[in-house]
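Right, one structure below, let's go through it.
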Amino acid sequence: MPVEKAEFRRALGHFAAGVTVVTTKLATGDIAGITVTAFSSLSLEPPLVLICIDRRARIHDRLEKGGNFAVNMLEESQELLSRRFASSEPDPFREIGYHEGSTGAPLLQDALATVECRIVDALPGGDHTIFIGEVEGSTVREGKPLLYFRGGYGQVS
Ligand SMILES: Cc1cc2nc3c(=O)[nH]c(=O)nc-3n(C[C@H](O)[C@H](O)[C@H](O)COP(=O)(O)O)c2cc1C
């Protein structure tokens, strides 16, 4: 028998996660982004990462169509970006510094690290889809990560 939803959420909320904004670019030139903590490294050879995206999220079908994504690992001062990309705002990129990487997916200014990926597989996972990306490029900079823990934002002290 599956665990109660509230109990499940409470337990999972105790896993301290780094916060990312996943972005993508479509063939039409449109860009999209979403706040994601369900991100993980998957394989070293070949270099693979995975993200889990709610099938109801606006970006879901765009990821399938675009075939690319970038993971922007947020720096501790970027809580507002996390909130913005988790909201229903029509244009979360408004007045935000970014440039398009080699896949076209936006790389956010001042992100702690980024990885740029081509989608090589998409697997069903309950009400989410697991998108697997082969990493084509990455960046890192000095700084500390933004964390999410027990329903709130936190920092490494
Ligand atoms: C800290 C945080 C982490 C989140 N992690 C995920 C995630 O891993 N996968 C996901 O599909 N949604 C995640 N969400 C929810 C989405 O960001 C949010 O539902 C989405 O932006 C709604 O997009 P839409 O209005 O375009 O459908 C997270 C939200 C927050 C605040």
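The values are calculated or read from the model by the stated rules, or taken from the named source; none is laboratory data. Model, not experiment: these values are computed from the prediction. So basically every Cβ, Gly included, is an ideal-geometry build from the backbone, and we count neighbours across all protein chains shown.
Scanning the range 104-129 for residues that are within 18 Å of V140 (Cβ to Cβ) and in contact (Cβ under 8 Å) with a residue 24 or more places away in the chain gives A105, P106, L107, L108, D110, A111, L112, A113, T114, V115, E116, C117.
The residue pairs whose first member lies in the range 5-32 and is charged (D, E, K, R), whose second member is part of a loop (DSSP other than H, G, I, E, B), and whose beta carbons are closer than 6 Å, counting only pairs six or more residues apart or on different chains, are K25/G104; K25/A105. The set of residues in the range 1-56 being within 13 Å of the ligand (Cβ to nearest atom), surrounded by 14 or more Cβ atoms within 10 Å (Cβ to Cβ) and either farther than 26 Å from D110 by Cα or among the charged types (D, E, K, R) (or both) consists of G13, D54.
All told, G154 falls short of being within 20 Å of A27 (Cα to Cα) and of a type in the set (G, A, S). Criterion applied to L48, L81, L74 was being more than 14 Å from the chain's Cα centre (by Cα), of a type in the set (A, V, I, L, M) and at pLDDT 95 or above, and the one residue passing it is L48.
Are any of the residues in the range 86-104 in contact with a Cys (Cβ under 9 Å, 6 or more places away or on another chain) and of a type outside the set (A, V, I, L, M)? Yes, the range 86-104 contains at least one residue that is in contact with a Cys (Cβ under 9 Å, 6 or more places away or on another chain) and of a type outside the set (A, V, I, L, M).
Residues considered: E142, E134, E116. Of these, the only one that is acidic (D, E), under 19 Å from N72 (Cα atoms) and within 13 Å of the chain's Cα centre (by Cα) is E116.
Once the range 130-144 is narrowed to residues that are assigned to a strand (DSSP E or B) and either without any contact (Cβ under 8 Å) to a residue 24 or more places away in the chain or hydrophobic (A, V, I, L, M, F, W, C) (or both), the residue that is surrounded by the most Cβ atoms within 10 Å (Cβ to Cβ) is F131. From the list S77, S87, S102, the lone residue that is of a type in the set (S, T, N, Q), farther than 15 Å from I132 by Cβ, more than 10 Å from the ligand (Cβ to nearest atom) and out of contact with any strand residue (DSSP E or B) (no Cβ under 7 Å at 6 or more places or on another chain) is S77. Checking the range 111-127 against the condition returns a match, with at least one residue being more than 20 Å from K25 (Cα to Cα), within 15 Å of the ligand (Cβ to nearest atom), exposed (fewer than 12 other Cβ atoms within 10 Å of the Cβ) and acidic (D, E).
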